[in-house]
Amino acid sequence: MYIDLERLKIRGEVWFDFAAAIEQACKNKNCAPDLRHILFSICDIPYGRPTNNTPEAVLREWRGTCSGKHLALHEILTSLGSEEL
């Protein structure tokens, strides 16, 4: 199922960059963004402590603990809205 990442992009620069990276990866593979791309992107974030454990810091610094990555995923899915998932 295609996911419209525009709702994520309007949240701010970090969110925009994350959504744009997913869209670019999909263009390179000739596909449309879906939930798998978001999940795999979060999974690919290396384990490490960001300066603070916020979703923004996890995405900006591209490292996070289990809880930080979980918070980031929750924010992303909430931003996209449950009707799309």
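The values are calculated or read from the model by the stated rules, or taken from the named source; none is laboratory data. Since this is a predicted model, take the numbers as computed values, not measurements. In this analysis, Cβ positions are derived from the backbone assuming ideal geometry, glycine residues included, and neighbour counts consider all displayed protein chains.
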Q) Of the numbered conditions (1) exposed (fewer than 15 other Cβ atoms within 10 Å of the Cβ); (2) at pLDDT 90 or above; (3) out of contact with any strand residue (DSSP E or B) (no Cβ under 8 Å at 6 or more places or on another chain), Asn28 satisfies every one except a single condition; which is it? A) (2)
Q. Has the stretch 2-20 got any residue that is in a helix (DSSP H, G or I), buried (at least 18 other Cβ atoms within 10 Å of the Cβ) and of a type in the set (Val, Ile, Thr)?
A. no
(Q) If Cys66 satisfies all but one of (1) more than 19 Å from Leu5 (Cα to Cα); (2) hydrophobic (A, V, I, L, M, F, W, C); (3) surrounded by 13 or more Cβ atoms within 10 Å (Cβ to Cβ), what's the number of the condition it fails? (A) (3)
(Q) Conditions first: (1) touching a residue at least 60 places away in the same chain (Cβ under 8 Å); (2) surrounded by fewer than 13 Cβ atoms within 10 Å (Cβ to Cβ); (3) not β-branched (Val, Ile, Thr). Leu80 passes all but one, so which condition is the exception? (A) (2)
Q | Tally of residues being within 14 Å of the chain's Cα centre (by Cα) and either within 17 Å of Ala21 (Cβ to Cβ) or not in a loop (DSSP other than H, G, I, E, B) (or both) across the stretch 53-85 | A | 23
Q | Residues being in contact with a helix residue (DSSP H, G or I) (Cβ under 7 Å, 6 or more places away or on another chain), of a type outside the set (Lys, Arg) and without any contact (Cβ under 8 Å) to a residue 60 or more places away in the chain - total across the stretch 6-20 | A | 4
Q) Do you know which residues across the stretch 31-54 are exposed (fewer than 13 other Cβ atoms within 10 Å of the Cβ) and of a type in the set (Ser, Thr, Tyr)? A) Tyr47, Thr51
Q: Tell me which residues, restricted to the stretch 31-48, are out of contact with any helix residue (DSSP H, G or I) (no Cβ under 7 Å at 6 or more places or on another chain) and at pLDDT below 95.
A: Cys31, Asp34, Leu35, Arg36, Leu39, Phe40, Cys43, Asp44
Q. Quick check: is even one residue across the stretch 33-52 assigned to a strand (DSSP E or B) and of a type outside the set (Phe, Trp, Tyr)?
A. yes
